[in-house]
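Only one structure is covered here, and it is reproduced in the block below.
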Amino acid sequence: MNALPDRYATDDLVLRDPGDGRTLAQRLSKRYAARITGAFVVPAREGSFAPLPADLPPALAQALHTRGIEQLYSHQAEAWTATQSGAHVAIVTPTASGKSLCYTLPVISAAMQDKAKALYLFPTKALAQDQVAELLELNKAGELGVKAFTFDGDTPGDARQAIRLHGDIVVSNPDMLHQAILPHHTKWAQFFENLRYVVIDEVHTYRGVFGSHVANVIRRLKRVCAFYGVTPQFILCSATIGNPQEHAEALIEDAVTAITESGAPTGDQHVLLWNPPVINPDLGLRASARSQTNRIARLAIKSGLKTLVFAQSRSMVEVLTRYLKDVFDHDPRKPPRIRAYRGGYLPKERRAAEREMRAGSIDGIVSTSALELGVDIGSLDVVVLNGYPGSVAATWQRFGRAGRRQQSALGVLVASSDPLDQYLVRHPEFFQDATPEHARIQPDQPLILLDHIRCAAFELPFIGDEMFGTEVATPWLDLLGEEGVLHREGDRREWIADSYPAIAVSLRSVADGNFVVVDRTDGRQTIIAEVDYSAAAVTLYEGAIHMIQSLPYQVEKLDWEGRKAYVTRTQVDYYTDAIDYTRLKVLDCFDSSHAGCGQAHHGEVHVVRRVPGYKKIRFYSHENIGYGPVTLPDQELHTTAVWWQLPQAVLDAAFEQRQQALDGFLGAAYALHIVATVAVMAEARDLQKSVGSGDGAWFVSADFSGRGQIRGNDGQPATPAPGAPFTPTVYLYDAFPGGIGQSEPLFQRREDLVAQSISLIERCDCRAGCPACVGPVLAADEAAASTPKALALRVLALLVAL
Amino acid sequence: MRRGPATISSGDREVPGIEIAPGLRYTEALVDWLDPPAVVETGFARMAPVHHYRLLHFDTETTGLAGGTGTRAFMIGAADWLDGRFRIRQLTLTTMAAETAMLRTFAEWLSGDTVLVSYNGKCYDAPLLATRYRLARLPNPLAGLAHLDLLHPVRRHWKRQWPDCRLATAERQLLGVVREDDLPGAEAPAAWLTYLRGGPARNLRRVAAHNAQDLKSLAGVLLHMARCPASPG
């Protein structure tokens, strides 16, 4: 293996004079031009200020003076004006632009003047605690007499009563609102009767299944508020996403005034996209992202720049921290310059890290996404991302951590070997031009809706043709009546069951319950991970190697009913890959359109997924070294999908053999899945792909060389009769019962997706196909025209709009 | 497929008492039961002595133990001393719509100097009724009343001697009460639900009997404890 240059060889790049993000970006670009696939600059912005509003209560203005705030940023002043006019407001400005003051001012002044109450919702407990600490400081500075409390799972029972009665500002999270506050709303009667503001921060995190749940919790909140005769004003805040206003309006189902121009000054921001160098051209192996991240961080810190490194896993945080500490913290007599920050640390430890960062005594911090959301750590110069965080929006949110008022900042995205990373880093224009992803929710998703109508019926009876969200609830109530949990008397339907439905509904996971992974190594009984129901069949079958923080565990026993997998720590040189056959049948087509020589559709499908066995694949060489059987029940799913088809005549003309067409469809499906995942801001597991016959008669799975194999409905290899119709079809479907609304936007963007898939494959450096484009293939000796890559391109070219 | 609850049509629909409002049944019984002193010593609960006419023993029967806004009382039993005899009054819902009438009637039985007597009522019955009054948009008549919850003093005294401190145990140990044909408390929700859906009333009558016995035992346990020396500290 080619050795990398010596680890200290880059020290000549260290900035000797006090530098900033710009100078470091320039030096890196000059020295490592070949690794940098994209470089751009977000120009500096002057601050835009406004005086403190004249109608602010004097004591509050005084408190702001005491805290050194003499004027507002323009967006803070706008937010004040908008809230005072009674509008719902959405504030969308970058990280560290003083968003919280946008809601703190109206909330505190209403509390001081009218004894009005406010409910704050944050996605995590840590953010809630930060917010309360900030409120308390402001309160102390002006002796405002406003009481703010967190209310979460850690709040002791004896404190809860006091918080309900005396809290002016209650800071909680959607889960607590759902499970503890709304089902006990009568205990909060005084609070609700005086509720003026509901503040929901970080609304960009409320998307997909979680967001759809939260939108329904908000429906229930509004319903309970109506019972107490109040219609609170919503103030929502979001990091940058593509559709902030639309998303905020979808969440609260009401019009909002969006404030999107930040008045906070920023220095210019330099961004580098970095692909590690190829170290083995034959295998297409690149140097690890870790080694590159480490190198860049080391240079930055040596140059006197405050640096934050984001890693994708907790264990990677530890590894990178260790590497940096080896360089910077080898003298135990000196205070540490490097710190790690991640979930799993005690809150005390995290607070200490935050304090030290703010105080400037730490030079480098290595973190997971735990730091992504508004935790205040002061300003930084350089942010290095060890791997793509999964969305353009999250990438900018993390880059946004760097930047002081007048200084330039640097953000570097170091690509890992993951196909998504490789795609992104090879499409710098995607970054530069891309509007960040759109956040989408589907509050009327039937299963989610039914869950929340159930909870709502527990909270207050439904009367007459009452609406829930945008629909009349009656048909759902009939269903609950049949189930026996509601009793109907006249036009009232009341909860009658001896159960507490909110407990059974988790906002953060999909239906059917998560699996827990129990480590039994050396007689232990420790839960070490949780796996979603939808992923369990393909990751927790007996014999599976389950990687946790890159350590291999072997699944010894899977208790499907009990939702438990028992594993032990193991030392193996292979990983396992489930062979899963997915069969789809179209139930209903909502919409169709021409797509080149073929057609694109979206609609409702029936999915049957079976895992008959698994492959053992050796690390690095990726050779297949064995198989194992799996016995698990079939999983069935009604959901929505988008799909593409080509007519038989076109395929017969374009391909000499049907096998080639199948290979082409498999590769096209792989590439479409990658670009679609990016396009809808999906978690990869929430969107799945499949190739099958248009009439559901057969489906195609990749054999271990990456070639398509037709299988019948029993999962056995099959050959369709010569005269049978041949209409291979690529499906992308929602892996959530009933669908979660991803297929419609995908259908809208169908032409884009095909075009992007083509460009993804064309630009890939591999010869015949690889995990970054059409999926893993075995090196074969066929002609260039019939590589899986070429075949996939041929299929996609036929789908390009004429 | 889910199947709905069977709609039953039973011939046995007899719920005791008179209908004082649509869907609300009222029973009243005067029984000879113990002999209260004029002033009941309540030092064991760190309360000043109480004249017996101020005592109101109460107990609810509910649709379950889940708590929250979805649990309701379908029966309220309350008992007091009237001219030396024990008066047991019970309100039973035969329709859900009668809940407001039930809550109003119960409120009329309370006055500012009422001392409530219950078994775990501070944690269970009183908060549950508070929720129901709030949902019915009525003032909560229990708020601010003195409340003697016997569970805690019983626990303090006997938790080491007895296997548990349920009311059934206390009445057996202290009063020698042995119940016959008693409907276990856990079956009360189903008894009412069955009736509500058109089924037989037999078990609902057994709930009423169970509730009445609970009230008698409450008074018995209270008077027993009143005779105990005040607990130290």
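Just so you know, in region A:457-476 the residues that are within 12 Å of chain B (Cβ to nearest Cβ) and touching a strand residue (DSSP E or B) at 6+ places or on another chain (Cβ under 6 Å) include one that is surrounded by the fewest Cβ atoms within 10 Å (Cβ to Cβ), and it is A:I463.
Residues in region A:89-102: is at least one assigned by TED's automatic domain parsing to the domain that holds A:A180 and over 29 Å from the mean Cα position of the chain (by Cα)? No; the residues of region A:89-102 include none that is assigned by TED's automatic domain parsing to the domain that holds A:A180 and over 29 Å from the mean Cα position of the chain (by Cα). The single condition among (1) within 21 Å of B:F86 (Cα to Cα); (2) in contact (Cβ under 8 Å) with a residue 40 or more places away in the chain that B:L204 does not satisfy is (1).
Residue count for region B:5-53, restricted to those that are surrounded by 12 or more Cβ atoms within 10 Å (Cβ to Cβ), modelled with pLDDT under 95 and within 14 Å of chain A (Cβ to nearest Cβ): 1. Looking at region A:538-553, is at least one residue more than 30 Å from A:V754 (Cβ to Cβ) and part of a helix (DSSP H, G or I)? Yes. Going by the conditions given, is B:Y119 aromatic (F, W, Y) and more than 14 Å from every other protein chain (Cβ to nearest Cβ)? Against the criterion (aromatic (F, W, Y) and more than 14 Å from every other protein chain (Cβ to nearest Cβ)), B:Y119 qualifies. Among the residues of region B:65-82, those identified as at the interface with chain A (Cβ under 7 Å from one of its Cβ atoms) and either farther than 21 Å from B:L218 by Cα or touching a strand residue (DSSP E or B) at 6+ places or on another chain (Cβ under 8 Å) (or both) are B:A66, B:G67, B:G68, B:T69, B:G70.
With respect to the conditions (1) of a type outside the set (F, W, Y); (2) in a helix (DSSP H, G or I); (3) in contact with a helix residue (DSSP H, G or I) (Cβ under 6 Å, 6 or more places away or on another chain), A:S262 lacks only one, and its number is (2). When both residues are 6+ apart or on different chains and their Cβ atoms are under 7 Å apart, which pairs have a first residue that lies in region A:729-746 and is among the acidic types (D, E), and a second that is surrounded by fewer than 21 Cβ atoms within 10 Å (Cβ to Cβ) and modelled with pLDDT under 85? These pairs meet every condition: A:D734/A:D686. Go through (1) of a type outside the set (V, I, T); (2) crowded, with 17+ Cβ neighbours inside 10 Å; (3) over 29 Å from the mean Cα position of the chain (by Cα) and name the single condition A:Q756 misses. Exception for A:Q756: condition (3).
Just one of the listed residues (A:I252, A:I235) is surrounded by 19 or more Cβ atoms within 10 Å (Cβ to Cβ) and touching a Cys at 6+ places or on another chain (Cβ under 8 Å), namely A:I235.
When the residues of region A:477-499 are narrowed to those that are within 7 Å of chain B (Cβ to nearest Cβ) and under 36 Å from the mean Cα position of the chain (by Cα), which ends up surrounded by the fewest Cβ atoms within 10 Å (Cβ to Cβ)? Top of the filtered list is A:E483.
Looking across region B:83-105, the residues that are touching a residue at least 40 places away in the same chain (Cβ under 8 Å), of a type in the set (A, V, I, L, M) and either within 18 Å of B:R137 (Cβ to Cβ) or within 14 Å of chain A (Cβ to nearest Cβ) (or both) come down to B:L93, B:M96, B:A97, B:A98, B:A101, B:M102. The strands (runs of 3 or more DSSP E) falling completely within region A:160-247 include none with 3 or more residues that are within 27 Å of A:K115 (Cβ to Cβ) and among the acidic types (D, E). Within region A:461-503, the set of residues being within 22 Å of A:T186 (Cβ to Cβ) and without any contact (Cβ under 8 Å) to a residue 24 or more places away in the chain comprises A:E466, A:A473, A:H487, A:E489, A:I496, A:A497, A:D498, A:S499. Every condition in (1) within 13 Å of another protein chain (Cβ to nearest Cβ); (2) in contact with a Gly (Cβ under 9 Å, 6 or more places away or on another chain) is met by B:G144 except one, and the failing one is (1). Applying the set (1) over 26 Å from A:F210 (Cα atoms); (2) among the basic types (K, R); (3) touching a helix residue (DSSP H, G or I) at 6+ places or on another chain (Cβ under 9 Å) to A:K99 leaves exactly one unmet item: (1). Cβ-Cβ distance below 7 Å, separation of 6 or more or different chains: which pairs start in region B:10-23 with a residue that is under 14 Å from B:G198 (Cβ atoms) and end on one that is among the basic types (K, R)? Close Cβ pairs satisfying both conditions: B:D12/B:R202; B:V15/B:R25.
Selection of strands (runs of 3 or more DSSP E) fully inside region A:1-101 by the criterion of at least 3 residues being surrounded by 17 or more Cβ atoms within 10 Å (Cβ to Cβ), among the charged types (D, E, K, R) and at pLDDT 90 or above returns nothing. The single condition from (1) outside the structural domain of A:D695 (by TED's automatic domain parsing); (2) within 30 Å of A:A653 (Cα to Cα) that A:E561 fails is (2). Specify the residue that is farthest from the chain's Cα centre (by Cα); the eligible residues are those in region A:162-188 that are within 28 Å of A:L60 (Cα to Cα) and within 14 Å of chain B (Cβ to nearest Cβ). Checking each candidate, the answer is A:L165.
The values are calculated or read from the model by the stated rules, or taken from the named source; none is laboratory data. Worth saying up front: this structure is predicted, and the values here are computed from it rather than measured. Reconstructed Cβ throughout: ideal geometry from the backbone, glycine too, with neighbour counts over all protein chains shown.
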